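Working notes, beginning with the structure itself.
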Amino acid sequence: MEVCLRRTATSRPLAIVWRRDLAVFYRRLSQSEAQALDAAIAGESFGYWCAKLPTPLAAAGMLHRWFSDGLVTAARLEGQRR
């Protein structure tokens, strides 16, 4: 799986493009999802970026979509070795 974030001059992704096998997918990102995805890619915990969103339901919805889209392929508990 490869993920590419297209960024603007403000360094915020506007769209995400990813590949699963030979299929290519893309979609636009909201500002809050872009920030959450940046934090997740940087290795921040779910709790960290969840706290920065308007509601926990928004975070749960994003995480569900990332799993459904195939963007998240593994998860680990805090303190768990990589």
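The values are calculated or read from the model by the stated rules, or taken from the named source; none is laboratory data. Just so we're clear, the structure is a prediction, and the values are computed from it rather than from any experiment. Don't worry about glycine lacking a Cβ; one is built from the backbone with ideal geometry, like all the others, and counts go over all protein chains shown.
For region 32-41, indicate whether the set of residues that are modelled with pLDDT under 85 and either aromatic (F, W, Y) or loosely packed, with under 13 Cβ neighbours inside 10 Å (or both) is non-empty. Taking every residue of region 32-41 in turn, at least one turns out to be modelled with pLDDT under 85 and either aromatic (F, W, Y) or loosely packed, with under 13 Cβ neighbours inside 10 Å (or both).
Scan region 40-52 and tell me whether some residue there is in a strand (DSSP E or B) and more than 11 Å from the chain's Cα centre (by Cα).
Our first condition is that a residue be in a strand (DSSP E or B); within region 40-52, this holds for none.
No, there is no match, as no residue in region 40-52 is in a strand (DSSP E or B) and more than 11 Å from the chain's Cα centre (by Cα).
Number of residues in region 1-10 that are within 29 Å of L77 (Cα to Cα) and either modelled with pLDDT of 85 or more or more than 14 Å from the chain's Cα centre (by Cα) (or both) equals 0. When you scan region 68-78, do you find a residue that is at pLDDT 85 or above and in a helix (DSSP H, G or I), even just one? Within region 68-78, one or more residues are at pLDDT 85 or above and in a helix (DSSP H, G or I). Residue pairs whose Cβ atoms lie under 8 Å apart, separated by 6 or more positions or on different chains, with the first residue in region 31-50 and under 18 Å from D69 (Cα atoms) and the second loosely packed, with under 12 Cβ neighbours inside 10 Å, are S32/P54.
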